[in-house]
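Asker: My structure is below; once you've seen it, I'll send some questions.
The values are calculated or read from the model by the stated rules, or taken from the named source; none is laboratory data. Predicted, not measured: the structure shown is a model, and the values here were computed from it. Virtual Cβ from ideal backbone geometry, glycine too; neighbours counted across all protein chains shown. Each accessible area value is taken on the protein alone, full model and side chains, heavy atoms only, with ligands, DNA and RNA left out. Shrake-Rupley method; radii C 1.70, N 1.55, O 1.52, S 1.80 Å.
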Amino acid sequence: MKDILSVSESELEIMQVLWKSDMPLSIRSVQERLSGVDWKYNTVGTLLLRLEAKGAVSSKKNGRTIEYKPELDEEVYKSVRTRSLVEKLYNGSVKELAVSLFKSDTMTKEDIDEIKKMFDL
């Protein structure tokens, strides 16, 4: 993987489709599984080629169709991106990130209760 932080928002949407699949997907299959976006076939193909150049996906010819599968592990990607976020926005402090999340309007009481159970708080 050259630089997993360089995966763009659009490329990430493609990666999420591939991560959810238990088998390699063609460009058309990826296009059909993208929810909430209406990208043309060529756009999806271009994004997959960019991801392949970055080492995030690999391709294999299956008959007349090229199929793509992720090479970038989803959990590794999330971990690296989270560390980067903490470094850039919270001066490396996970505690500051947690405080920010708890103070935000996005966390429900159920979220907080679930976190407490996870950490046995």
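Asker: Could you please give the count of residues in segment 54-104 that are in a helix (DSSP H, G or I) and either open to solvent by less than 50 Å² (accessible area, probe 1.4 Å) or without any contact (Cβ under 8 Å) to a residue 12 or more places away in the chain (or both)? Let's see the steps before the verdict.
Answerer: Restricting attention to segment 54-104, the residues satisfying the condition of being in a helix (DSSP H, G or I) are 74-89, 94-103.
Pick out the ones that are also either open to solvent by less than 50 Å² (accessible area, probe 1.4 Å) or without any contact (Cβ under 8 Å) to a residue 12 or more places away in the chain (or both) and you get 75, 77-80, 82-84, 86-89, 94-103.
The qualifying residues number 22.
Asker: Restricting the search to segment 105-121, which residues are open to solvent by 100 Å² or more (accessible area, probe 1.4 Å) and either in a helix (DSSP H, G or I) or touching a Cys at 6+ places or on another chain (Cβ under 9 Å) (or both)? Steps first, please.
Answerer: Residues of segment 105-121 open to solvent by 100 Å² or more (accessible area, probe 1.4 Å): 105-106, 109-110, 114, 117-121.
The answer is 109, 110, 114, 117, 118.
Asker: Cβ-Cβ under 6 Å, sequence separation 6+ or interchain: first residue in segment 35-46 and closer than 11 Å to residue 13 by Cα, partner part of a helix (DSSP H, G or I) and not hydroxyl-bearing (Ser, Thr, Tyr). Which pairs?
Answerer: Once the first residue is closer than 11 Å to residue 13 by Cα and sits in segment 35-46, its partners that are part of a helix (DSSP H, G or I) and not hydroxyl-bearing (Ser, Thr, Tyr) give 44/27; 44/30; 44/31.
Asker: Scanning for something over 15 Å from residue 69 (Cβ atoms), among the β-branched types (Val, Ile, Thr), in a loop (DSSP other than H, G, I, E, B) and open to solvent by 20 Å² or more (accessible area, probe 1.4 Å), does segment 30-53 turn up at least one residue?
Answerer: Taking every residue of segment 30-53 in turn, at least one turns out to be over 15 Å from residue 69 (Cβ atoms), among the β-branched types (Val, Ile, Thr), in a loop (DSSP other than H, G, I, E, B) and open to solvent by 20 Å² or more (accessible area, probe 1.4 Å).
Asker: Here's a check for you: in segment 61-105, which residue that is small (Gly, Ala, Ser) and under 23 Å from residue 11 (Cα atoms) is farthest from the chain's Cα centre (by Cα)? Step through it out loud before you land on a result.
Answerer: Quick first cut of segment 61-105, residues small (Gly, Ala, Ser) only: 63, 79, 84, 92-93, 98, 100, 104.
After this cut, where a residue has to be under 23 Å from residue 11 (Cα atoms) as well, the list is 79, 84.
Working: 79: 11, 84: 14 Å.
Taking the candidates together, the pick is 84.
Asker: In segment 5-15, how many residues are in contact (Cβ under 8 Å) with a residue 24 or more places away in the chain and not in a loop (DSSP other than H, G, I, E, B)?
Answerer: Summing the residues that are in contact (Cβ under 8 Å) with a residue 24 or more places away in the chain and not in a loop (DSSP other than H, G, I, E, B) in segment 5-15 gives 7.
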